[in-house]
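Since the structure comes first, as structure tokens, the remarks are kept for the end.
Coordinate-derived values only; no laboratory data. Remember, it's a predicted structure, so these values are computed and weren't measured experimentally. A quick note on method: Cβ atoms are made from the backbone with ideal geometry, for glycine too, and the neighbour counts reach across all protein chains shown.
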Amino acid sequence: MRILITGASGLLGLNLALETAHRHSVFGTVNHHTLKTEAFTVIQTDLLAPGAVEHLLERTQPDWVIHCAALANLDACEADPLLARQLNTNLPRTLAKHVARGGARMIHVSTDAVFDGLRGDYSEDDPTNPVCVYSRTKLEGEQAVTEAFPAAIIARVNLFGWSLTGDRSLAEFFFNNLSQGRQAMGFTDVFFCPLLANHMAGIFIRMLESNLSGIYHVVSSECLSKYEFGLRLAELFNLDSRLIIPTPLAQAGLKVPRSPNLSLSCDKLVNTLSQPLPGLQAGMDKLYGLYQNGYPQVLRSMRSS
Ligand SMILES: NC(=O)c1ccc[n+]([C@@H]2O[C@H](COP(=O)([O-])OP(=O)(O)OC[C@H]3O[C@@H](n4cnc5c(N)ncnc54)[C@H](OP(=O)(O)O)[C@@H]3O)[C@@H](O)[C@H]2O)c1
């Protein structure tokens with residue numbers, strides 16, 4: 001298959017591109033970052049530029065499109081709500097409209113943060129209630145894609161893994177701090193179900209092969225607090241877990257509000273694919289295996305600016 005992955009310099013996009021490039025012809029877009037790799041075709045493009053989406057689809061002629069590009073930094077969204085809306089709402093709408101015309105299948109990557117997190121264990125049918133600019137513009141992106149291309153898949157995700165810049169994921173936050181002997185806050189009352197980005201690749205491919213459409217939760221089958229996540233990582237990498245400071249969210253002094261309990265049910269996807277999703281231990285074990293094989297350094301070496 002010819003797969004177009006937007007945001008291939010990001011945490012999710014780069015891991016998806018590398019995992020899928022073994023069997024497919026992959027085109028990955030970057031914007032500010034430059035990326036040197038033989039594994040897939042890198043295309044530099046600002047997707048907000050006039051005509052960029054049309055030109056990209058014309059050039060790559062994809063069978064499948066996985067849209068990962070976004071403004072995913074909560075503080076950046078709060079600081080520039082207009083850019084957040086352009087990237088998280090308007091761009092997905094434009095892309096979905098053009099992909100629909102061309103006949104390819106599409107996964108639009110959304111977020112668990114469309115919920116307010118006051119309850120947890122959310123299913124796809126539960127009411128959404130975003131609490132910040134990021135999550136509001138992502139929810140509006142879901143709605144825009146559904147309108148423009150009802151057959152598209154909306155994947156609400158949460159993820160961890162190794163990234164190009166070495167600092168994009170919570171796993172890297174704990175790893176970087178603890179391995180340098182620095183303390184790190186771990187939220188005891190914020191819950192999530194992070195799936196390893198590399199595992200997400202295989203699941204996305206199965207979803208596309210199965211011709212699914214509509215909203216799916218694509219997260220780990222295990223949910224835990226961010227503090228517990230840090231402890232699990234410290235144990236696996238033999239780092240000093242005493243450096244992780246158990247912290248209630250309210251004491252952290254964060255400017256942008258967070259949804260506390262983002263545990264999601266992925267029963268819909270599990271039942272549809274008739275296959276369990278990987279749990280956290282499988283993800284952690286693979287994260288460690290990738291580390292032992294020098295994967296973080298390989299990613300870092302792809303960075304040329
Ligand atoms: N990370 C998480 O834990 C998490 C959790 C829930 C949902 N998600 C969702 O998962 C998706 C991927 O997130 P991520 O963490 O991988 O994001 P990320 O690491 O911040 O990467 C964002 C990507 O978007 C690209 N991009 C930004 N502006 C662009 C533009 N104008 N034109 C073209 N590309 C542009 C960036 O390219 P350059 O860097 O080259 O400029 C980068 O490749 C997003 O939809 C996010 O909302 C992520």
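Could you tell me the relative contact order of the chain? Use alpha-carbon pairs under 8 Å, at least six residues apart, and round to a whole percent.
21 percent
Run through all the Cα pairs of region 206-305 and give the fraction in each 5 Å bin from 0, expressed as whole percent.
Going from the shortest bin to the longest, the percentages are 2, 9, 14, 14, 15, 18, 17, 8, 2, 0.
Which value, in Å³ per residue, describes the convex hull spanned by the Cα atoms of the chain?
122 Å³
How big is the gap, in Å, between the Cα center of region 260-305 and the Cα center of region 233-253?
Cα centroid of region 260-305 versus Cα centroid of region 233-253: 20 Å apart.
Of the peptides 264-272, 213-221, 157-165, how do they stack up when ordered by the mean number of other Cβ atoms within 10 Å, highest first?
Ranked from most to least packed, the peptides come out as 157-165, 213-221, 264-272.
For region 41-103, just the Cα atoms, rotate onto the principal axes and tell me the three extents in Å, largest first.
Principal extents (largest minus smallest coordinate, Cα): 35, 23, 20 Å.
What base-10 log of the normalised intensity I(q)/I(0) is obtained for region 1-95 from the Debye formula, alpha carbons as equal point scatterers, at q = 0.18, 0.23 Å⁻¹?
Rounded to two decimals, the profile gives -0.79, -1.20.
Which order do the peptides 35-41, 236-242, 136-142 take when ranked by the mean count of other beta-carbon atoms within 10 Å per residue, highest first?
Ranked from most to least packed, the peptides come out as 136-142, 35-41, 236-242.
Using alpha carbon centroids, what distance separates region 194-215 and region 1-75, in Å?
16 Å
May I ask which residue of VAL26, ALA148, PHE174 lies farthest towards the positive end of the charge dipole of the chain, with charges of +1 (Lys, Arg) and -1 (Asp, Glu) on Cβ and the Cα centre as origin?
Of the candidates, VAL26 comes out farthest on the positive side.
Would region 72-135 count as rounded, prolate or oblate if I go by the C-alpha gyration tensor, calling it rounded below 1.5 in a/c and otherwise prolate when a/b exceeds b/c, oblate otherwise?
oblate
Sequence gap at least 6, Cα distance under 8 Å: using those rules, report the relative contact order of region 193-263 to the nearest whole percent.
Relative CO of region 193-263 lands at 35 percent.
Can you figure out the FRET efficiency of GLU235 with ALA100, using R₀ = 41 Å and their beta-carbon distance, to the nearest 0.05?
For GLU235 and ALA100, the calculated efficiency is 0.30.
Please report, in debye to the nearest 20, how large the charge dipole of the chain is about its Cα centre when each Lys and Arg carries +1 at its beta carbon and each Asp and Glu carries -1 there.
Magnitude of the dipole: close to 540 debye.
Against the globular-protein guess of 2.2 N^0.38 Å, express the Cα radius of gyration of region 160-242 as a ratio, rounded to two decimals.
Working it through for region 160-242, the quotient is 1.27.
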